[in-house]
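The values are calculated or read from the model by the stated rules, or taken from the named source; none is laboratory data. The model shown is predicted, which means the values in this text are computed figures rather than measured ones. Neighbour counts are summed over all protein chains in view; Cβ atoms, including those assigned to glycine, are modelled from backbone coordinates with ideal geometry. When the accessible area is computed, the model is the full protein with side chains, heavy atoms only, and any ligands, DNA or RNA have been set aside. Shrake-Rupley method; radii C 1.70, N 1.55, O 1.52, S 1.80 Å.
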Amino acid sequence: MPSTLTFARRVLPPLALMTLAACGGGDGPLNSSPPTVTSQAITLQGTVSDGPVIEANIVARDAAGRSIGSTTSDANARYTIRIPEGTPLPVTLVASGGTDIVSADAPAFTLKSASFATSSATANINAYSTIAVRTARKMDGGLNAANMERAIGHVVRQFNFGLDTFAMPDPITTPVTGNNVATAVRANEALAQAIKRTQAALQQGADLTAAQMSHDDLLEALAADMVDGVLDGNGASGANPRSAAVANLASAAVLIEALHDNLHVNGQNANAALDAAISLLLPDNDERIAHSPPSPLMVDQAVTVLTAVREATSAPGIDEALAAVRALDVESAEELRSVLSADLGVELEQTTMSIAVSEDAELIDRINASVREAVVVYEPAPGATPACAAVEQIPAVAVRASAEQVGNYAAHVIDGNPETRWAGGGEPMPHWITLDLGGVHMVNRTRLSFFNHDNGRVYRYSVHGSLDGETWLPVFQNRESQPARWTEADFAGINARYVRVTLESANDSDAASMWAAEVHGRPAGMACAVPTVRVRWSANGDDVNGYRVFAGPSPSNTEQLLSDLPVSSGAIDPDQPAFQYRPWEDLGIRSGENICFRLRAYNDHGQSGWSDARCAGI
């Protein structure tokens, strides 16, 4: 019989300067030995969002739990806070009070975030950061950089709600810009609604512990559950099975509302309030919630929550909807709207409440067990070393360009002089400039200063990386520059010696020009976790000789045999079979690309049917 396939993958992380050994739990002191400290005073800034929150009180604490500063979010739901020199990291940010402009109420739960940056950086405080910080604290080692990276991956996957990880690779460190403001506003409000609806349903329920939970208590239970990346009633101490089951069902209803631009807040369609939130965050931006398409990870979230729904109810159409979603690959996210009808969300609201009040403990267990089998999770590869810093500049040792104008040479982008620039000569764009880092580094951020940014010029630009200067790996393409001195872009890390920035076009000129270009990543010589894709599946019983792993770009095209794994080889654990691959070397995939897996078991009599396909982007 076919095996059930789930898989886990290691994302290329937003790297952190140094791993802190810490004890988790609560918001008290972290026992780190020794902590990383800021070598100079730095500034943290970002947005505060459940929906955007104005006039929130924000307190910054160091690794020992000591208050090191406070501020208030402004009329655009943004904050800036100075962190003193010598501050032990991480800095934890706690936001309370204020007004959520989408709901017009105070936030229902305390918002939290954390920063490991040793130089000035973005540290958004939102629903995603709140669960991620709580989750990281409950992992072995507590709130350290590696755990924070894992926790963010877990939370973004489980509670995606349309958060586009291409436009916003990290909901904490990625600045909110015109490229991602719609996806950020929708996803954060949807996540907040899922939390509120879960808590409201549990208050009516049969489980006394769950019924007495405040919103913050519920977040602690969900965080404890999420330490292994699966919201299934298991995890660290404090996980609550009923809370997990109800949260998955509530998430299903919210996901469908968000999918159809029909997210309800306080019982009413919130599109106008969400559009107002976008305008508040970016007053000159014309993005709207209706412009925000489904994200690839929404497909995975839909599979997970609909699997829970199918176990919870026999309502018509659930099996068909789940089968249709499973047939999609991550590149077909747009088709979710036609696969999942808006009417299904109404049915799911009733299902959520029925499970909250159910006294059938076995049903709760079955719902959670179904999620355990269906979910796609992030986890580190076995033996992986902790994540490293993403915030140190890697100095370029040389630079060259496709063309340069007399007096405005390519070398000017790395000379440190704010008065000199590079220009691409007389030919119109595209033009490129390539930085040689002097050796291979793990890089995951560019910091670029574009000419004429202060006069409204907006460039569309692309970034590629290369090990040898000949074969180029696309990192991202056709992003817009920002109307600020620096345009920063975080992305899944790549190993590269050469980084090429291509200026594709601009809104008011054919000429390519930049003041400066920086590349950030890990310091040379610091060991980092090797990114891997780990495929795992349920065992097919004792009468199995081995498994064959196949892969391809879509569920219907997984015909390439990757591995033949005999049980006798020792390459897999027969009771908990799994195998890992290197994305680039073994699978031939790069950041932003997708891959799907299917398996077949075999024995002396032949082979099984196909497993279900599981897909994800890297």
statement: Taking only the alpha-carbon atoms of region 180-373, the convex hull volume per residue, in cubic angstrom, is 116
task: Using only the Cα atoms of region 38-142, build the gyration tensor, take square roots of its eigenvalues as a ≥ b ≥ c, and label the shape rounded, prolate or oblate: rounded if a/c is under 1.5, else prolate if a/b is larger than b/c, else oblate.
output: oblate
- request: Under 14 Å from the Cβ of Ala192, count the other residues' Cβ atoms, weight Lys and Arg +1, Asp and Glu -1, and hand me the total.
  value: -2
- line: Counting only protein heavy atoms and leaving out ligands, DNA and RNA, the solvent-accessible surface of Glu419 at a 1.4 Å probe, in Å² to the nearest 10, equals 140
query: Whole-Hz Karplus ³J(HN,Hα) for region 49-66, in order, using 6.51 cos²θ - 1.76 cosθ + 1.60 and θ = phi - 60°, x for Gly and Pro?
result: 8, 10, x, x, 10, 9, 6, 6, 8, 10, 10, 9, 10, 8, 5, 8, x, 7
query: Is any helix in the chain, taking whole DSSP H runs, at least 24 angstrom long along its axis by alpha carbon and on average at least -0.5 on the Kyte-Doolittle scale, and which ones?
result: 181-203, 241-259, 296-312
task: Take the Cα atoms of the chain, find their three principal axes, and give me the spread along each one in whole Å, biggest first.
output: 75, 60, 50
- request: Using amide H atoms built 1.01 Å from N in the peptide plane, name the residues 5+ places from Thr43, or on other chains, whose amide H lies under 5 Å from its own.
  value: Ile83, Ser120, Ala121
- prompt: Net charge near Trp515, counting Lys/Arg +1 and Asp/Glu -1 over other residues with Cβ under 13 Å of its Cβ?
  reply: 0
message: Need one number: convex hull volume per residue for region 392-522, Cα atoms only, in Å³.
response: 93
task: Scan around Gly238 for amide H atoms under 5 Å from its own, H built in the peptide plane at 1.01 Å from N, and keep only partners 5 or more places away or cross-chain.
output: none
message: Quick check: net charge around Gly178, other residues with Cβ under 9 Å of its Cβ, Lys/Arg +1 and Asp/Glu -1?
response: -4
query: How large, in percent, is the carbon and sulfur part of the accessible surface of the chain at a probe radius of 1.4 Å?
result: 47
task: Please calculate how many Å² of accessible area region 180-373 carries per residue, with a 1.4 Å probe and no DNA, RNA or ligand atoms counted.
output: 36
statement: Among trypsin sites (Lys or Arg not before Pro) in region 40-127, those in a DSSP loop whose Cβ has at most 11 other Cβ atoms within 10 Å are Arg66
Cα gyration tensor category, rounded, prolate or oblate, for region 77-132 with a/c compared to 1.5: prolate
query: For the chain, what is the percent of antiparallel DSSP beta bridges, rounded to the nearest 5?
result: 95
query: Once amide H atoms are built 1.01 Å from N in the peptide plane, which residues 5 or more positions from Phe451, or in another chain, come under 5 Å H to H?
result: Ser513, Met514, Trp515
- prompt: Modelled label-to-label distance, Asn557 and Gln204, 7 Å Cα→beta-carbon offset: nm?
  reply: 4.7
- line: Applying the gyration tensor rule to the Cα atoms of region 85-183 (axes a ≥ b ≥ c; rounded if a/c under 1.5, else prolate if a/b exceeds b/c, else oblate), the class is rounded
